[in-house]
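Note sheet for the following structure.
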Amino acid sequence: MIPVYSAADPVEAEILRAFLAAHGIETVVLGAPLWGARGELQADVYPRLALRDEADEAHARELLRQYERRRHAHACWPCVCGECSPVTFEVCWSCGSERPA
Ligand SMILES: [Zn+2]
């Protein structure tokens, strides 16, 4: 099995497993049972996604890149007016103030 992604937590691992499955790529989540022991173990306990079929590797990595780009697009910057605008906006969607440098 080929590890392709380290998830931040078991929830993200499960979301990505379902995301890849929807594209016909079968993965397994490794390490999730260790999640409850994080802090007690020195080992890397983050859940990892691994491919069942290495032939899917290029496709899986492309989908994971898309996932990361989309996640980044959901990030936002705080405006002086108290609202939060997506990082793709140069001015605040609410008050029109320019994005701080
Ligand atoms: Zn604003």
Handout entry: Selection from T27, H59, C79, by position along the positive dipole direction of the chain (Cβ)
Key = C79
Problem - Calculated [θ] (222 nm, deg cm²/dmol) that DSSP helices of n ≥ 4 give over the chain, each run adding -39,500 (n - 2.57) - result: -9500 deg cm²/dmol
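Scale the Cα Rg of the chain by the rule-of-thumb value 2.2 N^0.38 Å and send over the ratio, two decimals.
Values: Rg = 18.0 Å, N = 101, 2.2 N^0.38 = 12.7 Å.
Relative to the rule-of-thumb radius for its length, the chain sits at 1.42.
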Problem - Low-density loop positions, GluC sites (Glu not before Pro), region 44-101 - DSSP coil, at most 16 other Cβ in 10 Å - result: E83, E90
Problem - Segment S97-D53, extension gain: residue separation times 0.36 nm, minus the distance between their alpha carbons - result: 10.9 nm
Completion exercise
Amide H proximity to L30 below 5 Å, modelled H, separation 5+ or other chain, gives R48, L49, A50
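Between V87 and R70, what is 0.36 nm times their sequence separation minus the Cα-Cα distance? Round to one decimal in nm.
Values: separation 17, 0.36 × 17 = 6.12 nm, distance 1.13 nm.
Taking V87 through R70 to full extension adds about 5.0 nm, to one decimal.
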Exercise for the section: Averaging sequence separations of C-alpha pairs under 8 Å and six or more residues apart, then dividing by the length of the chain, give the relative contact order as a whole percent. Expected result: 24 percent
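Considering only protein heavy atoms and a probe of 1.4 Å, how much of the accessible area of the chain is carbon and sulfur, as a whole percent? Walk me through the numbers before you get to the answer.
Details: 3610 of 6670 Å².
That share works out to 54 percent.
Assign unit charges at the C-beta atoms only (+1 for Lys and Arg, -1 for Asp and Glu), then state the dipole size of the chain relative to its Cα centre in Debye, rounded to the nearest 20.
Details: 10 positive and 15 negative charges, 25 e Å.
Around 120 debye, computed over the chain.
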Exercise for the section: Counting only heavy atoms of the protein chains, get the accessible area per residue of the chain (1.4 Å probe) and round it to a whole Å² value. Expected result: 66 Å²
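The values are calculated or read from the model by the stated rules, or taken from the named source; none is laboratory data. Just so it is clear, the model here is predicted, and its values are computed rather than measured. With ideal geometry, Cβ positions are generated from the backbone for all residues, glycine too; neighbour counts draw on all protein chains shown. SASA here: full protein model, heavy atoms, side chains in, ligands and nucleic acids out. Shrake-Rupley method; radii C 1.70, N 1.55, O 1.52, S 1.80 Å.
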